[in-house]
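Written below as structure tokens is the structure these notes are about.
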Amino acid sequence: MVLKNNSNFISMYTNTIHDYNQHKQWLKDFFEGEFIHPNLLKVDSDKGEGFIFFYKIHPSIYFIYYNVVANRDIILDLDYSNASYFQYFASFFNNTICVRDKYQNTLQSLESNGFYTCSKKISIVNQIPKGQKLYNINIYFSEASFTEIDDKDIGEYYLSKEHFFNYFEENRDIILFKNSLQEVNHFSEKLKAKILPVKIQELYYLFLNTLKKITVPSHEVSFNESSLNDLFKLRNKLIENWTVKPDVENLIQKVKGKPEEIEEQFEAVFGHSITTYYSNYKMELIRIAVLNNNQSISEIATEFGYTHVQHFSTTFKRKFGCSPSEYLHQHG
């Protein structure tokens, strides 16, 4: 994740959105697109090429899926503060969004594939340079969605926050979702209109499921630009040499701040403690190696630092519910 101060983009006209239908019409006019289906806007203009898909699960949950390559520099600066149809906004796969600091009149770009969620009071801006793709999915939803999380304490935790960020890019379900969505993007327009509603609902419940996996901190955990950058540097150091068990204490000492606060911040952003995150990352690499079927189980065990194949198989089974060979047979 990289946060950048992009003050050059500040003096842009802000467009006020009041309701969902007006939102659809505004995007149609802005991109000079054509609705080829009530929910599918085809874009083929000097501003971009691709499509935008709109979907309403029910009156308090709306989706907009952008898949548009910019033919020129594009900035989408929309004011949702007076919108009547939602209270919260979540952006997925959000490598083009910026968060506006209303007090300092600056933009902080959020170049990451995590889930950024905020209340409609926060200003979100999409900036897409010419030749790049506006590719993200936005959910507009009410407080009721947080009550769908099984754990009441977690739901209340999110309701108490004006905005938060979760990075679950290595989550296997999210990876599978993104891969299958890429395939759907190449389907005919008629098939897209039928299949995308199913995929959108899948993402909504993946979103709720990932949110409920966090551990609610005992007190408020806050972030700023510097601390978020440091957390991602720590995460990168953690996984760049996955063959060696990390010295967590040494890694934390290289980050500014109190060790216990750094660990709490890491867990709030990445969903796991530092040690668990490393273990999960390593097990995911092992799972992929098993499915690739290019090595024997004993070779994979040795490569990942296990001296005994039985210990390796037991660890794998504890994580994935079956032995490596059984897993390959079921999913290979």
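Throughout, read-outs are computed from the coordinates displayed, never taken from laboratory work. A quick note: this is a predicted structure, and the numbers were derived from the prediction, not measured. Please note: Cβ atoms are built from the backbone with ideal geometry, for glycine as well, and neighbour counts cover all protein chains shown.
Between Lys212 and Asn71, take the C-beta separation as r, use R0 = 30 Å, and let me know the FRET efficiency to the nearest 0.05. Show your work: numbers first, answer last.
Details: r = 41 Å, r/R0 = 1.35.
In this case the efficiency is close to 0.15.
With the simple model of a label 7 Å out from the Cα in the direction of the Cβ, Glu143 to His18 spans 2.5 nm.
Within a straight-line Cα-Cα reach of under 18 Å, Lys121 can be paired with the following lysines, leaving aside sequence neighbours fewer than 8 residues apart in one chain: Lys102, Lys161. Straight-line cross-link reach from Lys42 at under 20 Å between alpha-carbon atoms covers these lysines, not counting any fewer than eight positions away in the same chain: Lys24, Lys28, Lys56, Lys130, Lys133, Lys190, Lys192, Lys194, Lys199.
Sorted fewest first by neighbouring Cβ atoms within 10 angstrom, Tyr277, Tyr327 come out as Tyr327, Tyr277. With +1 on each Lys and Arg Cβ and -1 on each Asp and Glu Cβ, and nothing else charged, work out how big the dipole of the range 225-331 is about its Cα centre, in Debye to the nearest 20. With only Lys, Arg, Asp and Glu charged at Cβ, the dipole is about 220 debye. Summing +1 for each Lys or Arg and -1 for each Asp or Glu among the other residues whose beta-carbon sits under 13 angstrom from that of Glu263 gives -4. Taking the range 225-331 as the region of interest, the number of lysine pairs whose Cα atoms are within less than 22 Å, with members eight or more places apart or on different chains, is 16.
Whole Å is fine, so just give me how far the alpha carbon centre of the range 245-301 lies from that of the range 32-56. Measuring centre to centre over Cα atoms gives 41 Å.
Among Ile200, Ile57, which comes first, second and so on when ranked by fewest other beta-carbon atoms within 10 Å?
Values: Ile200 23, Ile57 15.
Exposure proxy ranking, most exposed first: Ile57, Ile200.
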